Amino acid sequence: MRVVAVLGVGLLALAACSKPEEKAASADGAAGAAASAPAGPVAAPKRKPGLWLQTVSSTAGSQETKLCLDETTEARVTVWGQAAGKDICAKNTITPMAGGWRIESECDFGEAGKNVSTGTITGDFNTKYVLKMTTTTTGAKTLQMNGTQEMEMTGVWQGACPAGMKPGDMTLPGGATININDVAAMGGK
């Protein structure tokens, strides 16, 4: 469960810091964007709509989730994390690099601490992507949240979302399902 909490805070940090122009994305994939870096705002990649199997690995272990995406959900909850709609990050950059994207952010979550995150994301976003991130948290009221965590998340496209699973539904380890569109909407209030 700690892996999910660490992942959630790290990804929230990235998305909460994203400016609207950084969230507009191109379906061409990271390789094309890295080869011809545009002047001005950088567009983050979009995942293909459908069912994604996401495996998160860290020193605490490995966990899998399943996420049903459509274009609306992807716009609200990018591969970088859930869109919180708050301006809490002093720094957030998404930079094309050979074969993918480099991510850097510095965000203040108040009692949950200050996060400094760096990482990379690679893949074609139609069949697979790999996000590798290191997040250092300081100043968290809950002392166990402080420290440096490394994680890797691999997303593999599984096909169309199955019957009974609607866009935004995420099946967590243990079988519980939440809808991340609802969570993102609450964060924007």
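The values are calculated or read from the model by the stated rules, or taken from the named source; none is laboratory data. Small disclaimer: the values here were computed from a predicted structure and weren't measured. For neighbour counting, all protein chains shown are included, and Cβ atoms are generated from backbone atoms with ideal geometry for every residue, glycine included. For the accessible areas, the whole protein counts, side chains as well, though only heavy atoms, and no ligand, DNA or RNA atoms are used. Shrake-Rupley method; radii C 1.70, N 1.55, O 1.52, S 1.80 Å.
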Pairs with Cβ under 9 Å, 6+ apart, first in segment 165-178 and in contact (Cβ under 8 Å) with a residue 24 or more places away in the chain, second assigned to a loop (DSSP other than H, G, I, E, B) and surrounded by 14 or more Cβ atoms within 10 Å (Cβ to Cβ): Lys166/Asp70; Pro167/Pro49; Pro167/Asp70; Pro167/Cys161; Gly168/Asp70; Asp169/Cys161; Thr171/Met165
Of the criteria (1) open to solvent by 30 Å² or more (accessible area, probe 1.4 Å); (2) outside any strand (DSSP E or B); (3) not β-branched (Val, Ile, Thr), which one Phe125 fails: (1)
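Please go through segment 163-178 and give me each residue that is part of a loop (DSSP other than H, G, I, E, B), open to solvent by less than 70 Å² (accessible area, probe 1.4 Å) and under 17 Å from Arg47 (Cβ atoms), ordered by number.
As a first pass, look at segment 163-178 and keep what is part of a loop (DSSP other than H, G, I, E, B): 163-168, 172-176.
Add one more test, that the residue is open to solvent by less than 70 Å² (accessible area, probe 1.4 Å), and what stays is 165, 167-168, 172-173, 175-176.
Met165, Pro167, Gly168 - these are the residues of segment 163-178 that are part of a loop (DSSP other than H, G, I, E, B), open to solvent by less than 70 Å² (accessible area, probe 1.4 Å) and under 17 Å from Arg47 (Cβ atoms).
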Odd one out for Val183, checked against (1) in contact with a helix residue (DSSP H, G or I) (Cβ under 9 Å, 6 or more places away or on another chain); (2) not in a strand (DSSP E or B): (1)
One residue from Glu111, Glu152 being of a type in the set (D, E, K, R), open to solvent by 60 Å² or more (accessible area, probe 1.4 Å) and either within 24 Å of Pro49 (Cβ to Cβ) or in contact with a Pro (Cβ under 8 Å, 6 or more places away or on another chain) (or both): Glu152
Per-region count, segment 128-162, residues within 21 Å of Asn92 (Cβ to Cβ) and either part of a loop (DSSP other than H, G, I, E, B) or out of contact with any strand residue (DSSP E or B) (no Cβ under 6 Å at 6 or more places or on another chain) (or both): 2
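Identify, from the list Thr138, Thr95, the residue that is open to solvent by 60 Å² or more (accessible area, probe 1.4 Å) and either at pLDDT 95 or above or among the acidic types (Asp, Glu) (or both). Full working, then the answer.
Details: Thr95 fails: either at pLDDT 95 or above or among the acidic types (Asp, Glu) (or both).
Exactly one of Thr138, Thr95 is open to solvent by 60 Å² or more (accessible area, probe 1.4 Å) and either at pLDDT 95 or above or among the acidic types (Asp, Glu) (or both), namely Thr138.
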